[in-house]
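Here the structure is laid out as structure tokens; the discussion comes afterwards.
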Amino acid sequence: MGNTVNNRRVVVAMSGGVDSSVAAALLKEQGFEVVGISMQLWDNSSEEDAGASTPGSCCSLEDIHDARRVADTLGIPFYVVNFEEPFSREVVDYFVESYTRGETPNPCVKCNQVLKFEVLLKRALELDARYLATGHYARIERDESDGLKLFKGVDPEKDQSYFLFTMTPAQLEKVIFPLGPLTKTEVREHARRFGLRTAEKKESQEICFVDGDGYPEFVSARAGQREGEIIDRYGNVLGSHRGLFRYTVGQRRGLNIGGAGGPRYVLAMDMEANRLIVGPEEELLTSGLEAREFNWIGDVPREGEKVTAKIRYRHPGVASEVILAEEGKVRVTFSTPQKAVTPGQAVVLYRGDVVLGGGWIERAIKGNVGQ
């Protein structure tokens, strides 16, 4: 292998869930030569069972077994690849370092960017495959004049295009999203039709490499913690915190500062002074943001053009204007003020259902963003 591309061979990233299982089944039904691959990303064995002889993984050993059983049902080759080292370096280290900088990271975006569409895509091409396929709810469609574009998935509840803003035009040429035109209900119906053991399997909602203690203890174990003061905008000390990484902008619960003066929310972190700044809900509103490391997939918006900006995954989107700043940075002005713009999260821009690009939120801006 490694000399001639097989135009009908596709490597499917199989996580052991219903989505990637159906993606593999649909592609085989369409006549592709399908190869299933599961990525072993994280060794949980020391946490799960000190005497375990088999390493755990990001998606758990049980999930890899489910993926293998689905591959057996479909009659396709199946392999497990160990990507623990790049995952630890590119995703886990980024996750911990982001929290220690006072940001709220998005490890799913980083995992897609590096592990799936760089490392795994490279492995797929080494296997002479023409494509890499995943179970994402998004669409790649060709525009006759502008080439391939990334679109939202048709199911608004499952659309995952927000997590894919780092993709490049070259990657769009080599990636397939079979589930983009489907709803989750239709995917489960297909799974039953194919007789897949994952048809009724529940979805995981947790950060895949963090155990039951949650992310604060995970970060604390790797970075330590510094206690400090909780203050308001005027410098009044209201309480103490056990480490700034335990909080995110917009958070209300867990502040333990009493109810006098009404509810308070996390507004920002003063990393230099190790202080958590809180205030009333209205102080969460901002008129725009600045983002770094911006990646454009589609057309760059024209000056004055209204686009839709999503500032987190479940955000409904807001009409916005974009100002190109220095290289790799943009400023986004909202048509209406938005709550809890969070450094470290992603802002993704859309024109209708088309993903134009996205970047990492560096800071929220109050007042006129263009000033």
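If I ask for residues that are surrounded by fewer than 18 Cβ atoms within 10 Å (Cβ to Cβ) and in contact (Cβ under 8 Å) with a residue 60 or more places away in the chain, which ones from segment 297-311 would you list? The one that is surrounded by fewer than 18 Cβ atoms within 10 Å (Cβ to Cβ) and in contact (Cβ under 8 Å) with a residue 60 or more places away in the chain: ASP299. Restricting attention to segment 258-274, the residues that are within 22 Å of TYR215 (Cβ to Cβ) and either surrounded by fewer than 18 Cβ atoms within 10 Å (Cβ to Cβ) or among the hydrophobic types (A, V, I, L, M, F, W, C) (or both) add up to 7. Is at least one residue of segment 197-214 surrounded by 14 or more Cβ atoms within 10 Å (Cβ to Cβ) and free of Cβ contacts under 8 Å to residues at least 12 places away in the same chain? There is at least one residue in segment 197-214 that is surrounded by 14 or more Cβ atoms within 10 Å (Cβ to Cβ) and free of Cβ contacts under 8 Å to residues at least 12 places away in the same chain. Answer yes if at least one residue in segment 41-57 is outside any helix (DSSP H, G or I), closer than 17 Å to HIS136 by Cα and either touching a strand residue (DSSP E or B) at 6+ places or on another chain (Cβ under 9 Å) or modelled with pLDDT of 95 or more (or both), and no otherwise. The answer is no; no qualifying residue exists. Within the set SER320, SER335, the sole residue that is crowded, with 23+ Cβ neighbours inside 10 Å, free of Cβ contacts under 8 Å to residues at least 40 places away in the same chain, under 30 Å from ARG264 (Cβ atoms) and not assigned by TED's automatic domain parsing to the domain that holds GLU141 turns out to be SER320.
May I ask you to verify whether ASN236 is at pLDDT below 95 and either touching a strand residue (DSSP E or B) at 6+ places or on another chain (Cβ under 9 Å) or closer than 20 Å to PHE95 by Cα (or both)? Against the criterion (at pLDDT below 95 and either touching a strand residue (DSSP E or B) at 6+ places or on another chain (Cβ under 9 Å) or closer than 20 Å to PHE95 by Cα (or both)), ASN236 does not qualify.
The sole residue among VAL80, VAL70 that is within 16 Å of ALA13 (Cβ to Cβ), touching a Ser or Thr at 6+ places or on another chain (Cβ under 7 Å) and in a strand (DSSP E or B) is VAL80. One residue alone among THR168, THR185 is surrounded by fewer than 19 Cβ atoms within 10 Å (Cβ to Cβ), over 21 Å from the mean Cα position of the chain (by Cα) and at pLDDT 95 or above, and that residue is THR185.
The values are calculated or read from the model by the stated rules, or taken from the named source; none is laboratory data. Only a predicted model underlies this, so the values are computations on that prediction, with no experimental measurement involved. Glycine gets a Cβ as well: all are built from the backbone with ideal geometry, and neighbour counts include every protein chain shown.
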